[in-house]
Amino acid sequence: MTVNTENIANYAETFIKVLIDYSPKLISAFLILFVGLYVIRVINRLIRRIMVKRELDPTLTKFLADILLWVLRVLLFVTFISKLGIETSSFVAILGAMGLAVGLSLQGSLSNFAGGMLIILFKPFKVGDTIEAMGMTGTVSEIQIFVTKLINANNQTIFIPNGSLSNGTIINYSLQGYRRADLTLSISYDTDIKKAKDIITTVLNKNPKVLKTPEAEVCVKLLTDNSIQLAVRPWANNADFGAVFSETLESCKLAFDAAGIVIQPFVKEASAKNK
């Protein structure tokens with residue numbers, strides 16, 4: 001096999017010529033790329049600092065900064081390939097087709113993305129609020145673009161998709177700043193109702209964590225076959241709610257014992273099968 005050195009020399013000469021002719025575009029394109037990445041990083045940090053100084057919501061700050069970052073990166077990439085001499089029109093068409101395919105395959109993720117935007121814009125809750133949603137109760141630790149993180153009372157982390165969260169019912173326990181505890185105490189029909197209510201009222205008045213306004217309520221809730229049910233409804237700040245709930249039950253039990261009032265246990269009637 002003979003090697004045509006003349007053809008090899010011609011190919012090498014052509015390659016070097018093309019490389020020399022194309023090198024200015026190549027150098028300028030990579031220069032734009034590296035400088036652009038640095039400028040984007042500086043702009044992103046500057047925007048974050050401005051939003052922090054204006055005391056915008058941390059979740060909104062992170063979300064807007066991330067969106068701006070990726071928009072600038074896409075624009076830089078289009079500029080980079082354009083500088084290399086690649087037709088951007090065909091490239092944009094390819095990106096559009098890829099975007100459509102990805103969008104169809106990630107419909108659930110896009111729904112969560114849209115839900116995250118709705119939560120950030122309309123703010124039904126914020127980081128630090130205690131909410132109940134999708135059958136879960138916990139404190140919001142982070143609102144991400146696709147999911148919201150809750151920490152429940154057992155210190156477990158719960159991830160709820162934003163799409164389902166934004167379309168469901170949300171109970172925000174922190175929004176008003178205080179809550180009402182709904183307790184029920186059952187006493188026998190032999191008990192003096194007024195005396196029992198006075199004892200409960202005294203217990204509530206002695207507890208500094210129970211709010212004076214709104215005023216706590218003590219009333220007859222229901223008359224059952226075996227007991228009188230008293231509704232006890234004290235109000236407390238969110239931070240004191242759990243303590244007020246448990247302390248009211250304990251203090252009422254101790255006060256009833258001291259006054260000789262017996263709390264009537266729940267009695268389940270025997271079914272016909274057990275007779």
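What follows is calculated from the coordinates using simple rules that are stated; it is not laboratory data. Nothing here was measured: the structure is a model prediction, and the numbers come from that model. Methodologically, a virtual Cβ is constructed for each residue, glycine included, from the backbone with ideal geometry; neighbour enumeration extends over all protein chains shown.
Got a sec to turn the phi values of segment 67-80 into Karplus ³J(HN,Hα) couplings, 6.51 cos²θ - 1.76 cosθ + 1.60 with θ = phi - 60°, whole Hz, x for Gly and Pro?
My calculation for segment 67-80 gives 4, 4, 4, 6, 4, 5, 5, 5, 4, 5, 5, 5, 5, 4 Hz in order.
Tell me, in nm to one decimal, what length is gained between Ile43 and Asn172 on full extension, where the rule is 0.36 nm per residue of separation less the Cα-Cα distance?
Values: separation 129, 0.36 × 129 = 46.44 nm, distance 3.61 nm.
This chain segment gains 42.8 nm when fully extended.
Based on the Cβ-Cβ distance from Trp70 to Glu215, what FRET efficiency comes out when R0 is 45 Å, to the nearest 0.05?
Once rounded, the FRET efficiency stands at 0.25.
Please tell me which of these pairs span more than 25 angstrom C-alpha to C-alpha: Lys206/Lys253; Lys126/Lys212; Lys25/Lys62?
Lys126/Lys212; Lys25/Lys62
Taking the beta-carbon count within 10 Å as an exposure proxy, list Asp192, Asp225 from fewest neighbours to most.
Asp225, Asp192
Modelled label-to-label distance, Leu118 and Val78, 7 Å Cα→beta-carbon offset: nm?
2.9
Sorted from fewest to most neighbouring beta carbons within 10 Å, what does the list Leu37, Leu211, Leu31 look like?
On the way: Leu37 14, Leu211 19, Leu31 11.
By the 10 Å Cβ count, ascending: Leu31, Leu37, Leu211.
What whole number of Å gives the distance from the Cα centroid of segment 128-163 to the Cα centroid of segment 171-197?
When both Cα centres are located, 28 Å separates them.
Charges on Cβ only, +1 for Lys and Arg, -1 for Asp and Glu, centred on the Cα centroid of segment 166-223; of Gly168, Tyr189, Leu223, which one is farthest towards the dipole's positive end?
Toward the positive end, the furthest listed residue is Gly168.
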